[in-house]
Amino acid sequence: MKDNEIIKALKCCRDCKCKECPCYNKEIDGCKEIDEQDILDLINRKQAEIERLKDFCDIYSTEGERAIKEFAERLKPILFGYYDSDIDNLVKEMTEQKE
């Protein structure tokens, strides 16, 4: 079964809407039941996707912080040191992780 069919089947089972279920079998007028292995595979695929996206976000977050810090350092000489502490405070505010 495809992921969207598994999800729809689970929702149909939860809501007792058997005739709308992808697992519904007209010949036996009932459900052929969802294969538990399909459900586990779906969960594992979604978990792997979540981990991949977390890694992706971590990489771009780190790259973004590095770019901000680099830009701030390049900006300081242009402003002749007058606003170094303000720039440092802004960089800190922009790159600190909020909980």
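The local environment of CYS57, defined by Cβ-Cβ distances under 14 Å, has a net charge of -4 under the rule Lys, Arg +1 and Asp, Glu -1.
Count the net charge of all other residues whose Cβ sits under 14 Å from the Cβ of ASP38, scoring Lys and Arg as +1 and Asp and Glu as -1. Around ASP38, the surrounding residues sum to -1. Loop-resident GluC sites (Glu not before Pro) (DSSP state other than H, G, I, E or B) in the range 37-97 with no more than 14 further Cβ atoms inside 10 Å of their Cβ: GLU96.
Magnitude of the charge dipole for the range 47-99, about its Cα centre and with charges confined to Cβ atoms of Lys, Arg (+1) and Asp, Glu (-1), is about 160 debye.
Here's how it looks for GLY30: its modeled amide H is under 5 Å from those of ASN25, which are all 5 or more places away or on a different chain. Full extension of the chain segment joining ARG74 with ARG14 gains 15.8 nm, where the gain is 0.36 nm per residue of separation less the Cα-Cα distance. With kT/(6 pi eta Rh) evaluated at 4 °C and eta = 1.567 mPa s, and Rh the Kirkwood radius from Cα pairs, the chain diffuses with a coefficient of 72 µm²/s according to Stokes-Einstein. Over the Cα atoms of the range 39-85, what is the Rg over Rh ratio if Rh follows Kirkwood? My calculation of the ratio gives 1.44. Neighbours of LYS19 by Cβ distance under 12 Å: Lys/Arg scored +1, Asp/Glu scored -1, total -1. Helix content alone sets the calculated 222 nm mean residue ellipticity of the chain: runs of n ≥ 4 DSSP H residues at -39500 (n - 2.57) each, divided across all residues, give -24000 deg cm²/dmol. Relative to the Cα centre, the charge distribution of the chain, modelled as +1 at Lys and Arg Cβ and -1 at Asp and Glu Cβ, gives a dipole magnitude of about 360 debye. Measuring nothing but protein heavy atoms, the accessible surface of the chain at 1.4 Å probe radius is 53 percent carbon and sulfur.
The values are calculated or read from the model by the stated rules, or taken from the named source; none is laboratory data. In this text, all values refer to a predicted model and were calculated from it rather than measured experimentally. A quick note on method: Cβ atoms are made from the backbone with ideal geometry, for glycine too, and the neighbour counts reach across all protein chains shown. Each accessible area value is taken on the protein alone, full model and side chains, heavy atoms only, with ligands, DNA and RNA left out. Shrake-Rupley method; radii C 1.70, N 1.55, O 1.52, S 1.80 Å.
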